[in-house]
Amino acid sequence: LEKKYPEIKSFKAGFDAKKEMLEEFIAFSAENDVDRNDEEITRSEKAILIRLKALVARNLWDTSAYFEIANELSDSYLKAIEEINSDSFKKEKLVYK
């Protein structure tokens, strides 16, 4: 993975945590006495896959890589990014780095 994704940007854009990863995670959970609940899995599938991707990123890089991906689940983070990318900052003459 390190060769395929030399930096977090390419990993974020290209790595896809798929159903196989989810099934492996569910099997691991079952081996550790966590009962399978298909309704909860369906409801949480997107969040689980994003968190698994974030954990892989953390293992490849660092904790900040984890949060860069895990924040995709945060409505407030996504709204903040939307505002930063909009004209709001320019209109208010705000600067960010």
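Just so it is clear, none of the values below were taken in a lab; they were calculated from the coordinates. What you see is a predicted model; the values in this text were computed from it and never measured. In this analysis, Cβ positions are derived from the backbone assuming ideal geometry, glycine residues included, and neighbour counts consider all displayed protein chains.
How big is the charge dipole of region 8-91 about its Cα centre, in debye rounded to the nearest 20, if each Lys and Arg gets +1 on its Cβ and each Asp and Glu gets -1 on its Cβ?
560 debye
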Test of the criteria: in region 1-76, which trypsin sites (Lys or Arg not before Pro) are in a DSSP loop and have at most 13 other Cβ atoms within 10 angstrom of their Cβ? K3, K4, K18, R36
Taking GluC sites (Glu not before Pro) as exposed when DSSP calls them loop (any state but H, G, I, E, B) and at most 14 other Cβ atoms lie within 10 Å, what is the longest stretch of the chain free of them, the sites themselves excluded? 8-91
If eta is 1.567 mPa s and T is 4 °C, what Stokes-Einstein diffusion coefficient results for region 25-82, Kirkwood Rh from Cα pairs, in µm²/s? 102 µm²/s
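Once you have the Kirkwood Rh of the chain from its Cα pairs, apply Stokes-Einstein at 25 °C and 0.890 mPa s and quote D in µm²/s.
Here the translational diffusion coefficient equals 158 µm²/s.
Taking 23 Å as the cut-off for C-alpha to C-alpha distance, list the pairs among K3/K53; K19/K79; K4/K79; K9/K46 that go past it.
Checking Cα-Cα distances, K19/K79; K4/K79 exceed 23 Å.
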With label points built 7 Å along Cα→Cβ from the Cα atoms of R36 and E23, find their separation and express it in nm. 1.0 nm
